[in-house]
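Here's the structure we're looking at; comments come further down.
The values are calculated or read from the model by the stated rules, or taken from the named source; none is laboratory data. Since the structure is predicted, the reported quantities are computational estimates derived from the model, not experimental observations. Using ideal geometry, Cβ is built from the backbone for each residue, glycine included, and neighbour counts are taken over all protein chains shown.
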Amino acid sequence: MNKSISIIVLIVIGLIIFVTGGALGIMYQSSKPQAQINNQVKVDENDLAKRLSSKVIAPIIANGTITKIDGKNITIISDKDSFDVAMTNNAKVYSFAIPANNPKGSQSPSSQQEVAFSSLKVGQTVNVTLIIIPGGSIQGESIFILPIPGVSSPAQ
């Protein structure tokens, strides 16, 4: 009987040690500081402007309807958001038009031509190609007047 009691006591002591070790392991893991993954790159505004003005970065496109033209500055609106754009002095303006009698199988359903800046009108829908200059300012580089369905010639 002494032998069986000794075996039971050893099993109980082994179980107590096993459970205590597991509990201490859990407590140790929960008290360790967790590794933080930070995917955000912190960049100050000057560095951001410098990076975005790089030739590697593609221009940004603003799309909207012209609401105001003041010299080389235009204001466009889209979904109640308004944006003022100062155009560069050598900004190009292009007009697209869908030919009225586009033959079936034609490779080019629309034509494009460069037009004068003065041909811009309030109410036209445009895409404005924006660039960020090294100082951090945004300037318009070109304007694409989008076609109105059913209109057969570019804006003049």
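Counting just the residues of segment 84-99 that are within 14 Å of Phe144 (Cα to Cα) and out of contact with any Gly (no Cβ under 9 Å at 6 or more places or on another chain), which one comes out surrounded by the fewest Cβ atoms within 10 Å (Cβ to Cβ)?
Lys92
Determine, yes or no, whether Ile145 is modelled with pLDDT under 80 and among the β-branched types (Val, Ile, Thr).
no
Please enumerate the residues belonging to segment 62-83 that are surrounded by 12 or more Cβ atoms within 10 Å (Cβ to Cβ), outside any loop (DSSP other than H, G, I, E, B) and not small (Gly, Ala, Ser).
Answer for segment 62-83, where residues must be surrounded by 12 or more Cβ atoms within 10 Å (Cβ to Cβ), outside any loop (DSSP other than H, G, I, E, B) and not small (Gly, Ala, Ser): Asn63, Thr65, Ile66, Thr67, Lys68, Ile69, Asn73, Ile74, Thr75, Ile76, Ile77, Phe83.
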